[in-house]
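A.B. asks: Pasting in a structure now, in structure tokens, and then I'll have a few things to ask.
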Amino acid sequence: MVDPKSDMHMTIRVKFFASLREQIINPNTEVDGSQAKTIGDVWKLATDVPMPPHVLCSVNLEHQEPDAPVNDGDEVAFFPPITGG
Amino acid sequence: MPVLIKPEPFDPIAMQAAHEATLPTGSFGATASFIGTMRNVNEGDDVIGMMLEHYEGMTEKELEAVIHDAKQKWPIDDALIVHRVGAIEPGQPIVLTVVWSAHRAAAFDACRFLMEALKSRAPFWKKETLKDGSHRWVERNTPGY
């Protein structure tokens, strides 16, 4: 008998904002959480292009650096420098 | 310590007055406010409109954190941040920051802090529409100091 839980795998949700959303064509908006240890890993799984310089990152609505760890169920976002106010 | 994201135009003076009316009468001696308004020129080009994008959830969280940090640094009674999102026209207010405190030093300094901090921490992005109909993202903020 198969344990239903063994067939479950968590995903990391990925968001892109502003100019990045327009530049990254058809990104994966969900990646396999077991394949990503850091935000940088999430970028590689979600896109086919290198991460541009000056990209800002967040995990679960908190600013983070690209080498910050990620976990199953996280929401990771990538965005260009902030220009509010 | 409210934070408001407004998808429609707002009257900053009226919003400041409305919030101030909720504070205990006579409880503060200084009020400092800043209003940021959309200009019709940027980097030498005529600008006829702007779309202001934000990261719903994170933006509000960062603005609340900015107010929290200001309260740690200065003895302020209350603060208000109002920020537009969506389609904006030249002349319309983009942002309002207000600080109420007992004395002017904390009010001035904390109000300045709110503006500078939100510009570097709260995820908003501006996309301009130029007079010739083209669009461009604003790539950086002007220095505050």
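A.B. asks: Could you give me the radius of gyration and the Dmax of the range B:6-62, taking only the C-alpha atoms into account and expressing both in angstrom?
C.D. replies: When restricted to Cα atoms, the range B:6-62 yields Rg and Dmax of 16.1, 47 Å.
A.B. asks: If you plug each phi of the range B:16-28 into the Karplus form 6.51 cos²θ - 1.76 cosθ + 1.60 with θ = phi - 60°, what whole-Hz ³J(HN,Hα) values come out, in order, with x for Gly and Pro?
C.D. replies: So the J values, rounded to whole Hz, are 4, 5, 5, 6, 4, 5, 8, 8, x, 4, x, 7, 9.
A.B. asks: Rank the residues B:Phe28, B:Phe124, A:Phe17, A:Phe78 as a footprinting-exposure proxy: fewest other Cβ atoms within 10 Å of their Cβ go first.
C.D. replies: B:Phe28, A:Phe17, A:Phe78, B:Phe124
A.B. asks: With chain A treated as a Gaussian network of Cα nodes joined by springs under 10 Å, which of A:Asp41, A:Asp32, A:Asp67 yields the largest mean-square fluctuation?
C.D. replies: Its mean-square fluctuation being the largest, the pick is A:Asp67.
A.B. asks: Let me ask something else. Any idea how many Lys pairs in chain B come in under 29 angstrom at the alpha carbon, given 8 or more places apart or on separate chains?
C.D. replies: Close lysine pairs under the 29 Å cut-off: 17.
A.B. asks: Write down the radius of gyration of chain B and its Dmax, each obtained from C-alpha positions, in Å.
C.D. replies: 15.8, 52
A.B. asks: Still on this structure: Tell me, B:Ser27, A:Ser19 in order of fewest to most beta-carbon neighbours within 10 Å?
C.D. replies: Arranged by neighbour count, lowest to highest, B:Ser27, A:Ser19 become B:Ser27, A:Ser19.
A.B. asks: Would you pull out the residues with amide H under 5 Å of B:Gln92's amide H, same chain only if 5 or more places away, H placed 1.01 Å from N?
C.D. replies: Amide H neighbours of B:Gln92, under 5 Å, 5+ apart: B:Met38.
A.B. asks: Follow-up question, since we're still on this one. Rank the residues B:Ile13, A:Ile12 as a footprinting-exposure proxy: fewest other Cβ atoms within 10 Å of their Cβ go first.
C.D. replies: Fewest-to-most ranking of B:Ile13, A:Ile12: B:Ile13, A:Ile12.
A.B. asks: Further question on the same structure: How large is the Kirkwood hydrodynamic radius of the protein assembly as shown, in angstrom, based on all distinct alpha carbon pairs?
C.D. replies: Every distinct Cα pair counted, the radius reaches 19.5 Å.
A.B. asks: Go through the range B:125-135 residue by residue and turn each phi into a ³J(HN,Hα) via Karplus (6.51, -1.76, 1.60, θ = phi - 60°); whole Hz please, and just put x for glycine and proline.
C.D. replies: Karplus-based 3J(HN,Hα) across the range B:125-135 equals 9, 10, 10, 8, 10, 8, 4, 7, x, 7, 10 Hz.
A.B. asks: Continuing with the same structure: Could you work out, for the range A:10-79, what percent of all Cα-Cα pairs fall into each 10 Å distance bin, beginning at 0 Å and stopping at the bin that holds the largest distance?
C.D. replies: For the range A:10-79, the pair-distance distribution reads 23, 62, 15.
Readers should treat all values here as calculations from the given coordinates under stated rules, not as data from a laboratory. This one's a predicted model, so the numbers in the text were calculated from it and none came from an experiment. Neighbour counts run over all protein chains shown; Cβ positions are idealised from the backbone, glycine included.
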